[in-house]
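Structure first, then comments.
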């Protein structure tokens, strides 16, 4: 079908295809599996300060009266 | 960020976590994990609703109808990505046109776009042109005007 659509395009035309949600595709599931392995090092992109910032916001939300779930 | 910080819902469904929302998860690998956290009874004036948390922490703001939902969603200094969950094509189309965000998702997570489409936001969530896609040419181009007198 994609080939037929491509051939039907005029000169210089563009075919845009929106793919459906793919978070359950094998490649992404494999990525999640690797992330959770004990031998996996996430790397320097995340440090303790980011986690601490999240914890401060969680405490702030409680102080502001929001209900935690 | 959720992929880095949090145990995903699918992992939780598989019974890998017994901690509660907002708690740090201690795992064997050297990383920082946080249980996904959801706040309800949130007001749009609260700091947890107005500031960027950058972690698996979300808030639910109760509204009376679609119009108020759009108004609340747009009442922010930021505008990277917005999403709507609906079976109504009318509301989906209206939201795509009226959400003040650089990216709008219908029935999908607000994170993650394909590499060939423009990535970027509005208001405080973007600066200059879009990354990715055709717009990346402008994003990575430094324009210079030069005159030479012979």
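The values are calculated or read from the model by the stated rules, or taken from the named source; none is laboratory data. No experiment lies behind these values; they were computed from the predicted model shown. Please note: Cβ atoms are built from the backbone with ideal geometry, for glycine as well, and neighbour counts cover all protein chains shown.
Points worth noting:
- Residues in segment A:21-51 that are more than 8 Å from chain B (Cβ to nearest Cβ) and exposed (fewer than 11 other Cβ atoms within 10 Å of the Cβ) were compared, and the one that is modelled with the lowest pLDDT is A:44.
- Only helices (runs of 4 or more DSSP H) whose full extent lies in segment B:1-100 are considered here, and the ones with at least 2 residues that are modelled with pLDDT under 95, surrounded by fewer than 18 Cβ atoms within 10 Å (Cβ to Cβ) and within 14 Å of chain A (Cβ to nearest Cβ) are B:2-5, B:9-13.
- Selection status of residue A:61, at pLDDT 90 or above and assigned to a loop (DSSP other than H, G, I, E, B): no
- Of the residues in segment B:130-146, not one is surrounded by fewer than 16 Cβ atoms within 10 Å (Cβ to Cβ), in contact with a helix residue (DSSP H, G or I) (Cβ under 8 Å, 6 or more places away or on another chain), more than 21 Å from residue B:37 (Cβ to Cβ) and in contact (Cβ under 8 Å) with a residue 24 or more places away in the chain.
- Residue list for segment B:109-129, restricted to those being buried (at least 16 other Cβ atoms within 10 Å of the Cβ) and farther than 21 Å from residue A:14 by Cβ: B:121, B:122, B:125, B:126
- Complete set of residues in segment B:101-131 that are within 14 Å of another protein chain (Cβ to nearest Cβ), closer than 20 Å to residue A:17 by Cβ and in a loop (DSSP other than H, G, I, E, B): B:107, B:108, B:109, B:112, B:113, B:114, B:115, B:116, B:117, B:118
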